[in-house]
Every structure is written in structure tokens, then in C-alpha cells.
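The values are calculated or read from the model by the stated rules, or taken from the named source; none is laboratory data. No experiment lies behind these values; they were computed from the predicted model shown. Cβ placement follows ideal geometry from the backbone for every residue including glycine, while neighbour counts extend to all protein chains displayed. For the accessible areas, the whole protein counts, side chains as well, though only heavy atoms, and no ligand, DNA or RNA atoms are used. Shrake-Rupley method; radii C 1.70, N 1.55, O 1.52, S 1.80 Å.
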Amino acid sequence: MFRKIALIIAALIAPLVIHAEHKPPSPPQSLRLYVFNCGSLNISDPERFRFKKEELATTNMSVACFLIVHPKGTLMWDVGAVPDSALKPGEKSALEGYATITETLKSQLEKIGYEPSDIQYLAFSHYHYDHIANANEFGNATWLVRKIERDAMFAAKPPDRVNPANYSALKDSKTVIIPTDDYDVFGDGTVVMKLAPGHTPGHQVLFLKLKKTGPIVLSGDLYHYPEERTMKRVPTFETDQQQTVETREKIEAFLKQSGAQLWIQHDYAANAKLKKAPQFYE
Ligand SMILES: [Zn+2]
């Protein structure tokens with residue numbers, strides 16, 4: 001009898017013990033950036049971006065997710081277009097609308113020693129569905145968000161191109177409403193979110209000061225196709241087109257002044273060349 005009870009208790013606490021054993025990697029000495037493969041968008045007609053097919057190198061877009069590991073903590077930046085749960089065991093890919101994934105974000109985090117619950121801060125460039133798919137996995141993190149963006153996400157009538165079910169857990173998350181255009185996440189100027197509105201009202205880009213790689217800016221959807229930048233085309237579905245034009249000018253000036261490279265997150269060709277986790281930029 002006692003043995004049976006002991007066994008039952010052991011079985012009950014086993015998952016807790018295993019969980020308690022998990023420890024995220026110890027913080028690095030200097031800033032690191034991991035790039036994850038969060039799939040691609042197969043766009044047949046780029047009309048919404050004011051392009052004809054033949055004007056573009058490819059109509060496909062990459063979807064990237066990023067983990068920033070700072071000596072003082074971790075920040076997830078954008079979490080994919082298709083939730084991990086859509087990729088069934090044994091399947092090679094999962095398709096939702098025109099978004100495809102071939103591996104889960106969770107499995108890629110695991111490979112570098114992290115579980116979603118380890119992550120300290122969560123931020124999105126903006127609320128569109130292709131940047132927030134795995135948000136519910138990061139309900140333990142502190143969400144860094146602009147008030148105007150959060151209000152739109154939880155409005156009675158949410159904006160177009162959002163999927164509220166995929167971020168419902170954030171409603172009760174620990175949340176920091178970002179009070180300033182620039183927000184220095186770890187207080188040393190190496191990880192700074194910069195307000196870049198137009199695509200959505202609280203759209204932002206992320207400035208990173210990496211020791212070896214140098215300064216970079218993760219674009220969010222300031223541009224999608226690299227041709228938007230060179231040919232100065234603005235998509236049709238911005239919340240404010242004129243604001244996008246002004247924001248682009250402001251960010252281009254910042255790039256010049258800071259010497260930062262711009263990484264266009266949806267740039268299919270550029271993304272293909274990036275080192276993916278477990279490799280990292282530092
Ligand atoms: Zn996007």
C-alpha cells in the first residue's frame with residue numbers, strides 16, 4: 001500500500017523534478033544575436049506592395065525570429081507566422097494561408113538550451129499575424145509594447161491582418177508600456193527599440209550594437225522587399241502611408257549617422273545568407 005502511494009507520488013512529481021532541473025544557459029559576456037528559421041511567405045501577386053512580379057528578384061518573403069541574449073537578460077523579437085502547434089509530429093512542413101514553416105521555433109530554442117518560459121522580454125516589430133504566431137508560448141515574459149499598438153490588438157474590433165487567438169495569453173502578461181520613441185531595453189545602449197510608425201501605429205525597429213558584427217537594425221516591416229527601399233515604394237495596406245514615408249526617412253538618417261546595417265526581415269535572399277541558430281552573431 002505505502003509503496004503504491006510512494007510510486008504514485010513519485011510519478012506525480014517527476015515532471016516537476018525534470019522541470020526544476022532545466023536551467024537556461026548562463027549569460028554571455030557580451031551581446032549575442034540568434035536568427036531562427038520561422039518559415040516563409042509564398043506571395044503570388046505582389047500588387048499590395050505596389051510591385052509587378054517582374055520588378056522583383058523574388059516574390060517570396062522570409063520569416064525570421066530573433067533571440068537577443070544580453071549579459072543582463074534575453075529578448076525575443078518577432079515570433080513567426082505559423083504557430084508551432086500547426087507542425088504535426090512526423091510532418092515536414094505546415095502551411096497556413098500562404099505561410100509555411102518547416103521547423104518549430106521551440107525546437108530551435110531548445111537546440112541552444114532555452115525554453116520559451118526562460119525568456120525574459122518579448123517584443124514584436126508590430127502586431128501583424130506573421131510576427132506574433134507563437135506569442136502565447138511567451139506568456140511568462142515581460143511584454144514590451146507601445147500603448148497604441150496594444151490597444152489596437154485588444155480592441156473590440158481588431159485591425160486587419162491580426163490573429164488575436166495567437167496572442168490571447170498576452171492580455172494578462174507582465175507588460176511594460178514603452179513611454180519613449182527610443183527604448184533602451186538593458187540600459188547600456190546595446191539593444192534599443194525605436195518607434196517607426198506607419199505600417200502599424202506602434203511599429204518599431206530594433207537597433208543592436210554587436211561587438212564583432214557592428215551595429216545593425218532589424219527592420220520589422222519598415223520594408224518587406226529590398227526593392228521597396230531602392231525604388232521607394234510603399235505598400236497599399238499601411239495604417240498611414242505618409243507616416244511610413246517620414247519614418248523611412250528618419251530611420252535612413254539614423255542608419256547613416258550610426259553606421260548600422262539594415263537587415264530587412266522579409267528579404268528572402270538576404271535572410272538565406274544569415275547564420276542561423278545554433279550559430280550566432282556577436
Ligand atoms: Zn510582416
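Of the residues in the range 36-56, how many are farther than 15 Å from Glu228 by Cβ and touching a residue at least 40 places away in the same chain (Cβ under 8 Å)? Steps first, answer last, please.
Our first condition is that a residue be farther than 15 Å from Glu228 by Cβ; within the range 36-56, this holds for 36-40, 42, 44-45, 54.
Adding the requirement that they be touching a residue at least 40 places away in the same chain (Cβ under 8 Å) leaves 36-40, 42, 44.
Number of matching residues: 7.
Just to be sure before I move on: is Thr59 more than 16 Å from the ligand (Cβ to nearest atom) and either without any contact (Cβ under 8 Å) to a residue 24 or more places away in the chain or open to solvent by less than 30 Å² (accessible area, probe 1.4 Å) (or both) in the structure I sent?
On the way: more than 16 Å from the ligand (Cβ to nearest atom): no; either without any contact (Cβ under 8 Å) to a residue 24 or more places away in the chain or open to solvent by less than 30 Å² (accessible area, probe 1.4 Å) (or both): yes.
Considered against the rule, which asks whether it is more than 16 Å from the ligand (Cβ to nearest atom) and either without any contact (Cβ under 8 Å) to a residue 24 or more places away in the chain or open to solvent by less than 30 Å² (accessible area, probe 1.4 Å) (or both), Thr59 comes out as no.
For the range 106-119: of the residues being free of Cβ contacts under 8 Å to residues at least 60 places away in the same chain and open to solvent by less than 70 Å² (accessible area, probe 1.4 Å), which is farthest from the ligand (Cβ to nearest atom)? So that I can check it myself, show each step before the final result.
Going residue by residue through the range 106-119, those that are free of Cβ contacts under 8 Å to residues at least 60 places away in the same chain are 106-107, 110, 116-117, 119.
If we keep only those that are open to solvent by less than 70 Å² (accessible area, probe 1.4 Å) too, we end up with 107, 116-117, 119.
Values: Ser107: 22, Pro116: 21, Ser117: 26, Ile119: 21 Å.
Taking the candidates together, the pick is Ser117.
Which ranges mark the helices (runs of 4 or more DSSP H) fully within the range 180-281 that have 2 or more residues being within 16 Å of the ligand (Cβ to nearest atom), among the hydroxyl-bearing types (Ser, Thr, Tyr) and at pLDDT 95 or above? Step through it out loud before you land on a result.
Values: elements: 226-231, 241-258, 268-273.
By residue number, 241-258.
Residue pairs, Cβ under 7 Å, 6 or more apart or interchain, first in the range 215-226 and under 16 Å from Ser40 (Cβ atoms), second more than 10 Å from the ligand (Cβ to nearest atom) and of a type in the set (A, V, I, L, M). List them.
Between residues of the range 215-226 that are under 16 Å from Ser40 (Cβ atoms) and residues that are more than 10 Å from the ligand (Cβ to nearest atom) and of a type in the set (A, V, I, L, M), the close pairs are Tyr225/Leu56; Pro226/Ile264; Pro226/Ala270.
Just need a number here: residues in the range 140-168 that are surrounded by 18 or more Cβ atoms within 10 Å (Cβ to Cβ) and within 19 Å of Phe66 (Cβ to Cβ).
So in the range 140-168, the residues surrounded by 18 or more Cβ atoms within 10 Å (Cβ to Cβ) come out as 141, 143-146, 149-150, 152-153, 162-163, 166-167.
Filter once more, so that each one left must be within 19 Å of Phe66 (Cβ to Cβ): 141, 143-146, 149, 166-167.
Qualifying residue count, the range 140-168: 8.
Any idea which residue in the range 87-105 is farthest from His224 (Cα to Cα), counting only those that are surrounded by 16 or more Cβ atoms within 10 Å (Cβ to Cβ) and away from the ligand (no atom under 16 Å from the Cβ)? So that I can check it myself, show each step before the final result.
Going through the range 87-105, the residues surrounded by 16 or more Cβ atoms within 10 Å (Cβ to Cβ) turn out to be 87, 94, 96, 99-101, 103-105.
From the residues that got through so far, the ones that are away from the ligand (no atom under 16 Å from the Cβ) too are 87, 94, 103-104.
Working: Leu87: 25, Ala94: 22, Glu103: 22, Thr104: 23 Å.
Among those that are surrounded by 16 or more Cβ atoms within 10 Å (Cβ to Cβ) and away from the ligand (no atom under 16 Å from the Cβ), it is Leu87.
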